[in-house]
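Following: one structure in structure tokens, then a few remarks.
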There are 2 protein chains.
Amino acid sequence: MPTTAAPHLGPTQKALQQALADVAKRFSAELSSDLPCVQTLADHAEKYRGKMLRPQLVLACGAVFDPSALAPEPRQDLSIAAAVVEMIHLATLVHDDVLDDADLRRNGPTIRALQGNEAAVMLGDYLISHAYRMCTRLDRPERESVSRRMAGVTNTVCEGELLQLEHRGDWALSERTYLEIVRRKTGALVGACCALPQWLANDPDPVLEQGLFAFGEKIGIAFQIADDVLDLAADPDRLGKPLGQDLATGKLTLPWVCFFEQASASEADQTRALLDRIATAAEREGAPAVLADPAFSRALDRLRESGALLTAENRARDVARRACEWAETSLPPGPGLDMILEMASRAAARRY
Amino acid sequence: MPTTAAPHLGPTQKALQQALADVAKRFSAELSSDLPCVQTLADHAEKYRGKMLRPQLVLACGAVFDPSALAPEPRQDLSIAAAVVEMIHLATLVHDDVLDDADLRRNGPTIRALQGNEAAVMLGDYLISHAYRMCTRLDRPERESVSRRMAGVTNTVCEGELLQLEHRGDWALSERTYLEIVRRKTGALVGACCALPQWLANDPDPVLEQGLFAFGEKIGIAFQIADDVLDLAADPDRLGKPLGQDLATGKLTLPWVCFFEQASASEADQTRALLDRIATAAEREGAPAVLADPAFSRALDRLRESGALLTAENRARDVARRACEWAETSLPPGPGLDMILEMASRAAARRY
């Protein structure tokens, strides 16, 4: 993200990167353990950390109301909040890899591939309990408990994952259910990122809180749709993992939903049967073997030719655009607002 | 537990069971979800609930200082605390079954056996986030955050599980490391149960807090040792799962540690090689097939003949006795104290 920011955002972007370094330091310090085996796992999990999109949103949304959010040493509560959301996000990634039988993430082996599902389950739990412990430092008697809000958010994330599991292998998934899954499993935590600066305020404005949460939810949804498109259309080397992982684990994503909306009944039936064969074979033979199969390439070709990938991308852009419209009319102008508008647009249009 | 309580504890036991019903009601209400798929899983997980040993300890330790802890509608904060610890315990059971590839618990199929590891991982996360959310209701500005303490406890539990994972297949495990694992993975949460009534007090006594925590830790350790003995010596039908699960998942428990302490070098070597073969075969062929193997029966016979099962049982009793000695000299007499003394003794001497 830093290398390609719009030119007028240069100084803000630089300040954000400095502030993020403070968050990263706090994150590592928090995870240190006196048990060597735990420390090794925690160190490895830290490598999952990417651009820290979620901490960036906490700080940038903080900067909308308080420029000191982007000081080299940002306001301590914001920095803690940013570390908390990243740790919860990391925990969900570690557990997601168990759910998806994933062996690669960011071009490196996953925890479950290295140490087995058992260690991945426990490391995820360890990260969650650390995040909650850190979060209690944000609680103040004069306002609603931040811990309570964050526990509610992680609850929603779990519900989204469980709903997604229920629809595994459901090749007739509706757009409505897809969006419900994505809003819960991805949108809720990003919503919390954007609302957190208000949750930490001494005089929070409930309407603004809800608006910021909905703004973040939309960024999360746009990001997830873009992610789902990338799983079918990216350069696998740059993506850091093989294409088609969602199908291999029985997840129907928006590009396919859009494809079925415009396909003839017979084409839809044929494709659904093919997707079912792919997922069944992946369960039996493992994902990599199946995704190298020509039948999978043919399905991808059909998807591309139909224009459904573009339709899905446009859906992501629409969601992001609606988020930006709300922000432009509801938030005070300044570098903070410019930054989050840029981030919202970027979420919907990632390229690998 | 209710059927065999010492006669003089009858009325206290009856009051405790009534108070537990309030906790169970709160527990179920908290877990209700608007998503049918989540509700189904939560309902199934509730079937894991056994005698609610941990909530019993919260209420009984509460009754040591405040008789209203055992009223038909117990003090609300104690009832919430009791539901919180039971929910955290349930989450660890659900995740444990993933760690152990377990298909049976309390004579019924586990979540992972019914719905796969994925649902079990997510359901565990869902239970944890619910527990944390409920726990925030106990936080008060005038005392240390109960949420913070509980997050620290779950952290310790995870560390214990990770330490145990690190020592999988370590057939030369020392008694010291065994006890360190057990203190963290089982002792910490039981310690919290006993300390919680003090954590909720307006004028907590730090020495008493620590004493109660250590008392609970010891009950947890005694309970875990007894559990590990049962895994090698119980009637499988009454236990609700096959014997030898710990070995099948590479866990060396105290009876074996005691066995190796008194065995000749050559006998120890032979037995370690056998245990290694059992665990390796269980990983390849699945636990049930292996545990039906005559080699496993022979190993169990050798263990029984050596007296190591009794030695381990005595260790559990020693730990429980030390817990009781502290309680008798440090806590005010009354039905609350009588109850927890009974529970501590019972933890070390379970029979199936």
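From the set of residues in the range B:171-208 that are small (Gly, Ala, Ser) and under 20 Å from B:ARG54 (Cα atoms), which is modelled with the lowest pLDDT?
Across the range B:171-208, the extreme among qualifying residues is B:ALA201.
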* Does A:GLN210 meet the test of being under 24 Å from A:VAL153 (Cβ atoms) and surrounded by fewer than 19 Cβ atoms within 10 Å (Cβ to Cβ)? -> yes
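What number of residues in the range A:145-171 are at positive phi and either within 7 Å of chain B (Cβ to nearest Cβ) or of a type in the set (Asp, Glu) (or both)?
Residues of the range A:145-171 at positive phi: A:169.
Remaining after also requiring either within 7 Å of chain B (Cβ to nearest Cβ) or of a type in the set (Asp, Glu) (or both): none.
The total comes to 0.
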* To do: Just need a number here: residues in the range B:231-246 that are touching a Phe, Trp or Tyr at 6+ places or on another chain (Cβ under 8 Å) and under 16 Å from B:ASP301 (Cα atoms).
  => 3
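For residues that are within 7 Å of chain B (Cβ to nearest Cβ) and either aromatic (Phe, Trp, Tyr) or within 15 Å of B:ALA131 (Cα to Cα) (or both), tally how many sit in the range A:131-144. Steps first, answer last, please.
In the first step, residues of the range A:131-144 are kept if they are within 7 Å of chain B (Cβ to nearest Cβ); the result is A:132-133, A:136, A:139, A:141.
Add one more test, that the residue is either aromatic (Phe, Trp, Tyr) or within 15 Å of B:ALA131 (Cα to Cα) (or both), and what stays is A:132-133, A:136.
Residues meeting the conditions: 3.
Condition first: of a type in the set (D, E, K, R), surrounded by 14 or more Cβ atoms within 10 Å (Cβ to Cβ) and either outside any helix (DSSP H, G or I) or modelled with pLDDT under 80 (or both). Now tell me which residues in the range B:266-296 satisfy that. Quick ask: steps written out before the conclusion?
In the first step, residues of the range B:266-296 are kept if they are of a type in the set (D, E, K, R); the result is B:267, B:269, B:272, B:276-277, B:283-285, B:293.
Imposing the further condition that a residue be surrounded by 14 or more Cβ atoms within 10 Å (Cβ to Cβ) reduces the set to B:267, B:272, B:276-277, B:283, B:293.
Across the range B:266-296, the qualifying residues are B:GLU283, B:ASP293.
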* To do: Considering only the range A:240-264, state which residues are in contact (Cβ under 8 Å) with a residue 40 or more places away in the chain, out of contact with any Asp or Glu (no Cβ under 8 Å at 6 or more places or on another chain) and over 16 Å from A:ASP170 (Cα atoms).
  => A:GLY240, A:LYS241, A:PRO242, A:GLN262, A:ALA263
* Structure fact -> Just one listed residue, out of B:ARG351, B:ARG322, B:ARG302, B:ARG317, is at pLDDT below 95, surrounded by fewer than 20 Cβ atoms within 10 Å (Cβ to Cβ) and assigned to a helix (DSSP H, G or I), and it is B:ARG302
* Search result, residues across the range B:28-79 that are among the charged types (D, E, K, R), in contact (Cβ under 8 Å) with a residue 40 or more places away in the chain and within 14 Å of chain A (Cβ to nearest Cβ) -> B:GLU30
* May I ask you to list the residues in the range A:246-264 that are under 19 Å from A:ALA222 (Cα atoms) and assigned to a helix (DSSP H, G or I)? => A:ASP246, A:LEU254, A:PRO255, A:TRP256, A:VAL257, A:CYS258, A:PHE259
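The values are calculated or read from the model by the stated rules, or taken from the named source; none is laboratory data. The model shown is predicted, which means the values in this text are computed figures rather than measured ones. Note: ideal-geometry Cβ built from the backbone for every residue, glycine included; neighbour counts use all protein chains shown.
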